[in-house]
1. For V186, which of the numbered conditions (1) within 16 Å of ligand 2 (Cβ to nearest atom); (2) touching a strand residue (DSSP E or B) at 6+ places or on another chain (Cβ under 6 Å); (3) of a type outside the set (D, E) fails to hold?
2. From the list M307, M388, pick out the single residue that is in a helix (DSSP H, G or I), under 25 Å from V281 (Cα atoms) and at pLDDT 95 or above.
3. Pairs please, first residue from region 156-178 and touching a residue at least 24 places away in the same chain (Cβ under 8 Å), second anywhere and of a type in the set (G, A, S) and in a helix (DSSP H, G or I), Cβ atoms under 9 Å, 6+ apart in sequence or on different chains.
4. Can you tell me which residue in region 237-250 is nearest to S272 (Cα to Cα), limited to those that are over 21 Å from the mean Cα position of the chain (by Cα) and among the β-branched types (V, I, T)?
5. So which residues in region 1-20 are part of a loop (DSSP other than H, G, I, E, B) and within 20 Å of G394 (Cβ to Cβ)?
6. Which residues, counting only those in region 351-370, are hydrophobic (A, V, I, L, M, F, W, C) and over 21 Å from L391 (Cβ atoms)?
7. Which numbered condition trips up F326, out of (1) away from ligand 1 (no atom under 16 Å from the Cβ); (2) more than 22 Å from S272 (Cα to Cα)?
8. Report yes if L31 is touching a Phe, Trp or Tyr at 6+ places or on another chain (Cβ under 7 Å) and within 29 Å of A377 (Cα to Cα), otherwise no.
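The values are calculated or read from the model by the stated rules, or taken from the named source; none is laboratory data. Values in this document were obtained by computation on a predicted structure and should not be read as measured data. Backbone-built Cβ (ideal geometry, glycine too); neighbour counts: all protein chains shown.
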Amino acid sequence: MKQELIEKAYEVARERYAAYGIDTEAVLDLLQRVPLSLHCWQADDVTGFESAGELTGGIQATGNYPGKARNIDELRQDILKAASLIPGKHRLNIHEIYGEFGGKKVDRDEVGVEHFEGWMQWSKEHGMPLDFNTTSFSHPKSGDLSLSNPDKEIRDFWIEHSKRCRAIAEEMGRRQGTPCIMNLWVHDGSKDITVNRKLYRELLKDSLDQIFAEKYDNMRDCIESKVFGIGLESYTVGSNDFYIGYGVQNNKIVTLDTGHFHPTESVADKLSSLLLYVPEVMLHVSRPVRWDSDHVTIMNDETLDLMHEIVRCDALDRVHIGLDYFDASINRIGAYVVGSRATQKSLLQALLEPLAQLRKYEAAGQGFERLALLEEAKTLPWNAVWDMFCLRNGVPVGDEFIAEVEQYERDVTSKRN
Ligand code: RNT
Ligand code: ZN
């Protein structure tokens, strides 16, 4: 797009917003300072580098679009390509199974900082701080129960794994000078009617107590609940109630994955409650199509509502925005870019909301005026501000990134088989 056109449109937008008392320059500055935590697993359908075994743990990546990253170099190359098409500076969220194991069998209870040395160097080189995740799935000991397994040997195995992951996260955080956020999600649950529900939850609670016993300064723990997994439909040990209780009692960050709630439940509405009781919230922004299907995030009502709530709660410094989806049916780099940009576009609209005026109306009981302004705000020229954001960040404006993704496909990913 012509720079001149972008600048002209932005000038008009700036004036339109100024009429509502909104300074678009200040908004652009703010948006610039909000990193997304990009999930590394969109590049290779949650495969990782530990083994070529199947994905288990009640999650599934469907589709077989060609060109998936087959090794760490390809994965890094793809992530950098995606990042070059997303405005701003971002973080990278990796799972334990993405370590550099050098072709050796390193079991999950043997993993150490050395397996992430390369990642830490790479992260420094590219200015992408790391976040981290324990990995309970896709392993012979995953079964239906990991941290809540009544078999002490299996449970201890996963406790050891999780403790080691925290130590790795601590080292990442120490070196990058910004805390590494470590997410703990375990798939534990059962397919059919379960009569010992309390037992497994007691075990999970005890495992978490053991895992979190060591205090660290450079990493933060977050815990992620879920409604159900595939093949684990009747019972999830780490339910929403379970982790909210645990998070409140132990001052842990709670992770809200937008695919992990009942379809009509508003995840956005949870923020203003949770933020009263837990220190921070981590988001896994996804698009659940009828269930936790991990479709690519788009700028739909759910994503917009979520971003609006962060801003309305004045909680940009307490909510971490991570992405979590894995679509194997379309170009994977394109999937990264679409989901990331959709999240940022939603956040931008939230930042441009004429909130002061809306709140005045609300306080005065002027329901019609509030509704009317909310509707008008939807079509204010936020898109011109978005284009300016892209322009200033030196990334493609508008749909220009499509051609870049296609070019990369021709040059790089289509040559993989
Ligand atoms: C699964 C959880 C979890 C995973 C990733 C791979 O339902 O959402 O966050 O998607 O850790
Ligand atoms: Zn998630």
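1. Among (1) within 16 Å of ligand 2 (Cβ to nearest atom); (2) touching a strand residue (DSSP E or B) at 6+ places or on another chain (Cβ under 6 Å); (3) of a type outside the set (D, E), V186 violates only (2).
2. M307
3. Hits for this filter: W158/S207; I159/S207; S162/S207; M172/S123; R175/S123; Q176/S123.
4. Only one residue tops the list, namely V248.
5. Kept after step one, since they are part of a loop (DSSP other than H, G, I, E, B), are these residues of region 1-20: 1-2, 19-20.
Across region 1-20, the qualifying residues are M1, K2.
6. L355, A356, L358, A363, A364, F368
7. F326 satisfies every listed condition except (1).
8. Against the criterion (touching a Phe, Trp or Tyr at 6+ places or on another chain (Cβ under 7 Å) and within 29 Å of A377 (Cα to Cα)), L31 qualifies.
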